[in-house]
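Engineer: Would you mind keeping the following structure in view while I ask a few things?
The values are calculated or read from the model by the stated rules, or taken from the named source; none is laboratory data. Because the structure is predicted, anything quoted here is derived from the model rather than measured. When we count neighbours, we look across all protein chains shown, and the Cβ atoms used for this are built from the backbone with ideal geometry, even at glycine. When the accessible area is computed, the model is the full protein with side chains, heavy atoms only, and any ligands, DNA or RNA have been set aside. Shrake-Rupley method; radii C 1.70, N 1.55, O 1.52, S 1.80 Å.
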Amino acid sequence: MKKIIAFILFAIICVIGASAQDEGLVFKGVPIGGELSSFISKLKSKDFTIIEKDGSTALLTGKFTGQNVKLLVMSTDSDKMVYGLGAVFDEVDTWQTILSQYENYKDLYTEKYGEPEQCIETYGNGVYSANSQINHIGLESGEIVYKSVFMTEKGSIIINIANGQSYSSFNLTIIYRNEDNIKANREAMKDEI
């Protein structure tokens, strides 16, 4: 009897440990996947507001880690299965601010997921410029790249510095990609070719 109880406890501990290690791909506790309307409902319960929903995409606004973000949720055209989410933070107007924001989130994700699978941090000729317009041009031309890619069993998370809407502003973007649903979407697209 003691062996059976010990075995059951061992099995429960293994299951709990396995589920703790593979949290999957989640955003604010919501798994990236499932049907678009259901996914949006879960985000709404996390205080996100829909700005626009158009077929297989939705744009929402809300807070993530205390910061204002806009979320672009992407799903397959055929069955509306969510395969990706992009969080775009509010624009900042100095290079030092965006670089600090990038490094902060890279550190947070490294603490949670381990070292990034890929990390590209290049600054053109290596000579830092405080001029936001020069940095904007560098990002646009590809001379300046700040990007970290974290892998999970369910997909990837990409942290990236991107140009903002004005010629001297920047955004931090964090993209979640459910690789299984991306593959399914590509297969459905290939069926149409």
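Engineer: Do you know which residues across region 120-148 are touching a Ser or Thr at 6+ places or on another chain (Cβ under 6 Å) and among the aliphatic types (A, V, I, L, M)?
Structural biologist: Matches in region 120-148: Val145 only.
Engineer: Quick one: Thr76 ticks every box in (1) under 19 Å from Ile157 (Cβ atoms); (2) crowded, with 19+ Cβ neighbours inside 10 Å; (3) among the polar types (S, T, N, Q) bar one, so which box is it?
Structural biologist: (1)
One line per residue, one yes/no per condition, for (1) surrounded by 12 or more Cβ atoms within 10 Å (Cβ to Cβ); (2) at pLDDT 85 or above:
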site: Pro116; (1), (2): yes, yes
site: Ala130; (1), (2): no, no
site: Asn135; (1), (2): yes, no
site: Gly164; (1), (2): yes, yes
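Engineer: When you check Ile98 against the structure, is it surrounded by 15 or more Cβ atoms within 10 Å (Cβ to Cβ), within 18 Å of the chain's Cα centre (by Cα) and closer than 25 Å to Phe27 by Cα, yes or no?
Structural biologist: yes
Engineer: Within region 1-52, count every residue that is modelled with pLDDT of 50 or more and outside any loop (DSSP other than H, G, I, E, B).
Structural biologist: 18
Engineer: Let me ask you something else. Residues Leu71, Leu108, Leu59: which one is on the phi < 0 side of the Ramachandran plot, open to solvent by 70 Å² or more (accessible area, probe 1.4 Å) and without any contact (Cβ under 8 Å) to a residue 60 or more places away in the chain?
Structural biologist: Matching residue, one of Leu71, Leu108, Leu59: Leu108.
Engineer: Just a yes or no: is a residue in region 98-109 touching a strand residue (DSSP E or B) at 6+ places or on another chain (Cβ under 6 Å) and at pLDDT below 95?
Structural biologist: yes
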